[in-house]
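Every number in this text was worked out from the coordinates using simple rules, so none of it is lab data. Keep in mind the model is a prediction, meaning the values are calculated, not measured. As a convention, Cβ positions derive from the backbone with ideal geometry for all residues, glycine included, and neighbour counts pool all protein chains shown.
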Amino acid sequence: MTFDDRITISTPEGVDLELVLAGLGSRFAAALLDLLIQFGAIIALLFVLGAAGDSGVAIALFFIGVFLILFGYDIVLETWNSGRTVGKLAAGLRVVRGGGEPVGFLTSAIRNVVRIVDFLPAFYPVGMITILVTTRNQRLGDLAAGTLVIRDRRRAPTQAYAAVVVAPASPPVPAPAAPLDAPYDAPYMEWDVSAVTADDTAVLRHFLARRADLDPGPRAHLALDLAGRVRSKVAGPIDGWHPEAFLEGVVAAKSRRG
Amino acid sequence: MASATCTEPGHVHAPAAGRVEVDLRPLRFLGIVMFVGAFALPLLPLDGPVLCPLRRFTGVPCPFCGMTRGVVALAHGDLFSSLTFNPGAVVVVALVIAVLVAWRVQRVFLPTWTIFSFFVLLWAYQLFKYTTDRPL
């Protein structure tokens with residue numbers, strides 16, 4: 001049971017993707033920060049063009065600038081920063097399409113033009129009501145563009161590694177009771193891995209084989225995720241293992257026992 | 001596959017394209033607040049400041065200008081002035097009553113176009129009043 005609004009998307013690959021929908025509060029905070037930035041940019045523009053005098057050209061440039069700041073800011077950042085404006089980044093949010101794909105220019109443009117209607121009559125009451133009322137927490141712009149705003153907080157890899165899957169080390173890994181021979185020496189040979197399926201093992205092998213090619217962040221996340229999934233299927237003294245060492249152990253134990 | 005795996009509350013599956021799934025529970029709550037407000041507002045000593053910034057600063061009405069007055073008028077049985085303030089008020093009050101009567105329904109699916117045409121029609125009406133110099 002969870003108190004977040006979650007949405008499950010079935011991908012063509014047969015994998016169910018679970019996304020956590022952003023709520024009203026975090027979206028409000030993100031919008032507030034974005035609006036402050038846009039407001040600051042408009043004031044800066046006013047100063048720059050004010051220095052140029054009040055010619056017709058300066059006034060025209062001012063209105064073009066305001067238009068670009070109000071619409072371009074969101075569209076450019078959402079398109080080129082994987083659906084995250086500065087406010088959304090700070091609030092840990094991301095805009096994605098209904099199927100979880102990243103937003104493109106057109107989708108982003110639609111949702112940000114319809115923002116005018118969401119904003120009416122002042123600071124998003126229409127948007128707030130539609131977010132509250134639609135089950136996928138969409139404002140009108142999201143409905144028009146078919147987009148979702150999801151929670152997407154990326155933890156730093158170091159933090160992810162600090163929170164070791166298999167509970168903080170109570171005792172250090174104990175020595176095996178009765179090693180049969182040299183290769184069976186390792187502590188993971190004590191683990192009961194019979195619940196780990198052949199498919200699981202194949203996935204773990206695949207990860208272990210290509211982990212050197214991964215960046216540290218994704219590598220840590222993936223290791224942590226896989227270890228979390230496999231952990232419940234393994235019985236034995238497994239507290240305090242580093243995720244990757246744990247995965248290596250599971251694969252080794254599995255291959256020993258066939 | 002997907003629909004079978006997930007019966008947990010708070011878990012949402014994508015509705016068919018072009019449809020929105022509307023959760024009626026927050027709508028009910030907002031509707032009750034609106035009705036209480038509609039009866040309480042005339043008792044308060046405030047004489048309609050223009051809250052809408054669009055109308056306040058440019059004079060152009062937004063689709064929702066007159067919504068408060070429309071709902072208040074309707075709550076006091078004045079259908080005609082409610083319609084002239086904002087016909088959307090009648091639609092909103094009718095919807096809220098429907099939602100309150102059908103208390104046990106939790107979710108409905110609406111075609112997305114209905115929501116957008118509602119806003120477009122309201123704005124068209126407001127701009128018609130504005131361009132023909134009728135009282136907003």
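Tell me, what is the FRET efficiency for B:Phe57 and A:Ile64 to the nearest 0.05, using R0 = 22 angstrom and their Cβ-Cβ distance as r? Before the final figure, lay out each step's value.
Values: r = 20 Å, r/R0 = 0.92.
Step by step, r from the Cβ atoms, then E = 0.60.
Please give every one of the lysines within straight-line cross-link reach of A:Lys254, meaning a C-alpha to C-alpha distance under 16 Å, and leave out same-chain neighbours fewer than 8 residues apart.
Within reach: A:Lys233.
For region B:21-131, what does the alpha-carbon gyration tensor say about shape, rounded, prolate or oblate, given a ≥ b ≥ c as the root eigenvalues, a/c under 1.5 as rounded, and a/b over b/c as prolate?
Numbers: a/c = 2.01, a/b = 1.27, b/c = 1.58.
Since a/c reaches 1.5 but b/c is at least a/b, the shape of region B:21-131 is classed as oblate.
What's the exposure ranking of B:Glu21, A:Glu101, going from fewest to most Cβ atoms within 10 Å? Before the final figure, lay out each step's value.
Values: B:Glu21 18, A:Glu101 13.
Listing B:Glu21, A:Glu101 from fewest to most nearby Cβ atoms yields A:Glu101, B:Glu21.
Using alpha-carbon pairs under 8 Å, 6+ residues apart, how would you state the relative contact order of region A:6-151 in percent? Mind showing how you got there, number by number?
Values: 200 pairs, mean separation 37.5, N = 146.
Relative contact order comes out at 26 percent.
Order of A:His221, A:His242 from fewest to most other C-beta atoms within 10 Å?
Details: A:His221 18, A:His242 15.
So the ranking, lowest neighbour count to highest, is A:His242, A:His221.
Sorted from fewest to most neighbouring beta carbons within 10 Å, what does the list B:Thr84, A:Thr107 look like? Mind dumping the intermediate values first?
Values: B:Thr84 18, A:Thr107 24.
So the residues, fewest neighbours to most, are B:Thr84, A:Thr107.
Amide H to amide H, which residues 5 or more places from A:Leu93 or on other chains are under 5 Å from it, using H placed in the peptide plane?
When sequence neighbours closer than 5 places are left aside, the close amide H contacts are A:Asp152.
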